[in-house]
Each structure stands twice: as structure tokens, then as C-alpha cells.
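Right, one structure below, let's go through it.
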Amino acid sequence: MDMKTIPRADAAELVLPAADFDATLKFFTERLGFRLDAIFPADDPATALVSGHGVRLRLERRGTGAGGTLRLLARDPAALARAFGGGAAAVTAPNGTRIEFAAEDPPYALPPERPSFVVAKMGGGAGWGVGRAGMLYRDLIPDRQNGRFIASHIRIPDGGPVPDYVHFHKIRFQMIYCYRGWVRLVYEDQGPPFVMQAGDCVLQPPEIRHRVLECSPGLEVIEIGCPAEHMTCVDHAMPLPNGTPNRARVFGGQQFVHHMAAKAEWKPWRLAGFAARDIGIGEATDGLAGVKVARVSGTPAGEAVRHGGEFLFLFVLEGSVTLAADGHGSQRLDTGDAVTVPRGLAHRLSDCSADLELLEVSLPAALPV
């Protein structure tokens with residue numbers, strides 16, 4: 001449906017039951033500061049229209065249903081709680097409506113760390129679900145580590161325009177790696193739309209506006225986000241692209257990154273026998289997170305290693321490798337498989353195929369040992 005052509009309402013009101021009519025009306029007008037706009041019938045009032053705090057309420061003595069919840073939003077919800085709730089975070093009206101005082105623009109909530117060892121296999125039981133804008137999602141960390149991290153393998157089977165819109169995310173960290181195919185995107189302050197090819201990667205800083213425009217058939221990307229449950233907000237006002245580029249702009253302490261694989265420089269990785277290309281996310285996030293792609297460049301030693309970081313994620317882009325982890329045995333990881341390794345767990349990579357390529361995402365960028 002074309003939102004520009006459908007009829008628009010002139011106003012909206014929330015209808016609430018008010019069996020104890022007088023007490024409910026007094027609560028909303030005298031305690032919460034709503035304005036009385038209309039009341040009827042005069043001889044036996046049963047309906048009142050009140051407005052305030054950006055909302056219009058219709059209180060009906062003969063109304064049915066539950067009282068519901070009315071959330072009053074402000075930059076300083078504590079001030080609302082002091083003014084209207086006697087300091088309480090929520091109060092209940094005589095009609096049963098729960099009044100909550102909350103932040104108008106709350107930050108993301110970062111759950112406590114709960115590291116886990118997780119192996120996600122591509123074959124045999126890898127489930128795909130339908131997510132936002134019709135995209136297919138495969139969960140690579142099903143336990144979400146207490147809601148702190150999400151890793152998604154995302155697929156768009158059909159190419160062409162993507163039914164996306166200008167939006168942003170309230171996040172701590174988010175990156176997208178183009179695994180298969182290509183996708184055309186546009187970002188706030190980054191100039192005209194551009195195409196990400198297979199092997200390319202972007203860092204999406206907190207709250208940067210962006211939009212997915214079109215993609216090739218069979219597009220696949222790997223997306224890592226923190227926290228796992230974060231809000232996606234639509235920006236109805238900002239057109240993209242949006243004027244003169246400002247590629248040095250900082251968003252929430254981070255800078256946008258568009259890494260192009262074709263221009264990458266390969267250097268030794270943290271494990272002997274491998275080379276890696278650095279995506280540049282460590283520098284752009286001031287060390288918060290790092291992303292690299294590693295490949296076999298010699299004879300991997302297969303030594304046991306540990307890390308002391310917050311998060312370590314490996315995705316097999318191509319080839320295969322044997323992973324052995326203390327207490328978890330050994331298993332073969334093939335193309336499309338992923339593993340999340342918690343801090344302190346000794347693990348080894350061995351028996352690597354010649355074409356092995358790994359995507360590594362870590363927090364922090366420089367993993368402590």
C-alpha cells in the first residue's frame with residue numbers, strides 16, 4: 001500500500017474503561033496534569049476527553065476491557081516520577097491503567113557477559129528464518145551469550161531491489177561482511193550509494209543512517225552485533241544520500257569503515273602459518289573490536305592457544321579445518337560453519353585445507369592472552 005495516497009486520520013485517541021469515572025478523571029487531570037477537553041452527557045457524565053503529554057484519552061464509564069499501560073516518556077523520566085508518581089517508577093490509576101515513566105530515547109542495554117563455546121554447522125539442521133525486510137536469517141550463536149552477542153548468516157535468494165528503508169540501530173558494535181554476491185547500499189555522510197562485493201566489509205557505527213538498495217541473486221552476508229537484541233529505528237525524515245560527504249564523522253565514538261578486499265594488504269596473522277587482511281575496524285572503534293580475514297600462507301603449527309578477550313568468533317569462509325578444544329573434543333569445520341570460543345579455553349586449528357579462509361571477529365581488537 002502506498003502510504004502517500006491512503007487517507008490519513010486527523011487525530012487519534014486511546015479509549016480506556018473508567019468504571020470509577022470521577023476518581024479516574026480526577027487522577028488524570030489533577031495528578032497527571034491532563035487537560036479536560038470535553039465531558040458528556042451533562043446530567044450524568046459517562047465520557048471524558050482529556051489530552052496531555054502528546055496523547056488524547058477517551059475515558060468511558062461503560063467501557064470494557066483492561067486498563068492497559070500508558071507510558072509517559074521524557075529525557076528525564078525520574079523528574080516525571082517525582083512530579084506525578086511520588087518518586088515511584090509507575091503508578092496505577094483508579095481504572096486500572098498502569099502509568100509508567102520512561103526514557104524518551106533509551107540507550108541500548110548491554111547484558112552481563114556469559115561466554116560459551118558454540119559450534120554452528122552449515123549442514124544438517126541449519127535453520128533459516130524470515131526476518132526484517134524478507135531476509136532469511138541463520139543464527140550462528142543460538143544462546144546469544146546471555147543476549148550480549150548475535151551472529152547472523154543472512155541470505156537474500158532473489159536479486160533486485162530490496163524493500164528496505166532509511167534506518168539506524170542502537171548498538172555497541174555492528175559489522176557486515178559480504179560473503180557471496182554483491183549488495184548496493186547508501187550510508188549517512190558517506191556520499192553516493194556504493195556496491196559491496198564478496199570479501200568486502202563495513203562497520204556500521206552506532207546510529208548511522210543507512211539503507212540497503214538492491215542486491216544480486218543469492219546474496220549472503222555475515223553480520224555480528226552487540227548487544228543481541230537491539231532496536232532498529234526508522235528515520236522518516238532523512239533522505240540518503242544526504243548532501244556533502246563527511247567521511248571523517250564520528251558516530252558514537254566510531255567511524256564508518258568500507259573495506260574493499262581487492263585493495264587489501266596481507267600480513268602475518270596471530271597464528272603461525274597464516275596471513276591475514278585487517279578490515280580496519282580496530283582503528284575505527286578505538287580498539288573496541290577487530291575484524292580480520294585469515295588464510296593459509298605456510299604450514300600452520302596447530303599450537304594450542306587461549307585468549308583473554310570478551311568475544312572470539314570464527315566463520316569458515318572457504319575450505320575446512322579441524323578444531324580441537326579442551327573438554328569438547330575435535331571436529332571438522334567446513335565451509336559455512338562457525339565457532340565461538342570463550343576466554344581461557346585452549347583450542348587448536350589443524351589439518352587445514354589449502355583453500356582455507358576464516359573470518360575472525362574479536363572484542364577487543366587486540367585479544368589479550
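The values are calculated or read from the model by the stated rules, or taken from the named source; none is laboratory data. Computed from a predicted model, the values in this text were never measured in an experiment. Counting neighbours? That spans all protein chains shown, and the Cβs are built from the backbone with ideal geometry, glycine included.
Side notes on the structure shown:
- Set Cys233, Cys215: member being buried (at least 20 other Cβ atoms within 10 Å of the Cβ) and either touching a Ser or Thr at 6+ places or on another chain (Cβ under 9 Å) or not β-branched (Val, Ile, Thr) (or both): Cys215
- Restricting attention to the range 172-188 and to residues that are surrounded by fewer than 23 Cβ atoms within 10 Å (Cβ to Cβ) and among the charged types (D, E, K, R), the residue that is farthest from Asp200 (Cα to Cα) turns out to be Arg172.
- Qualifying residue in the range 145-160 (condition: farther than 30 Å from Leu356 by Cα, of a type outside the set (Phe, Trp, Tyr) and modelled with pLDDT under 95): yes
- Residue selected from the range 349-369 under the condition assigned to a strand (DSSP E or B) and among the hydroxyl-bearing types (Ser, Thr, Tyr), by the criterion surrounded by the most Cβ atoms within 10 Å (Cβ to Cβ): Ser362
- Selected residue [of a type outside the set (Gly, Ala, Ser) and under 29 Å from the mean Cα position of the chain (by Cα)] from Thr47, Thr69: Thr69
- Of all the listed residues (Tyr108, Tyr137), the sole one being part of a loop (DSSP other than H, G, I, E, B), in contact with a His (Cβ under 8 Å, 6 or more places away or on another chain) and not assigned by TED's automatic domain parsing to the domain that holds Asp20 is Tyr108.
- Across the range 221-271, the qualifying residues are those that are outside any strand (DSSP E or B) and charged (D, E, K, R), and the one among them that is nearest to Gly298 (Cα to Cα) is Arg270.
- Considering the range 319-348, the residues that are in a strand (DSSP E or B) and among the aliphatic types (A, V, I, L, M) include one that is farthest from Asn146 (Cα to Cα), namely Val321.
- Failed criterion for Gly302 (all others in (1) modelled with pLDDT of 95 or more; (2) among the small types (Gly, Ala, Ser); (3) surrounded by 15 or more Cβ atoms within 10 Å (Cβ to Cβ) hold): (1)
Rundown of residues vs (1) surrounded by 13 or more Cβ atoms within 10 Å (Cβ to Cβ); (2) in contact (Cβ under 8 Å) with a residue 24 or more places away in the chain; (3) part of a loop (DSSP other than H, G, I, E, B); (4) not assigned by TED's automatic domain parsing to the domain that holds Arg172, yes/no style:
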position	(1), (2), (3), (4)
Ala66	no, yes, yes, yes
Leu70	yes, yes, no, yes
Asn95	yes, yes, yes, yes
Glu113	yes, yes, yes, yes
Met122	yes, yes, yes, no
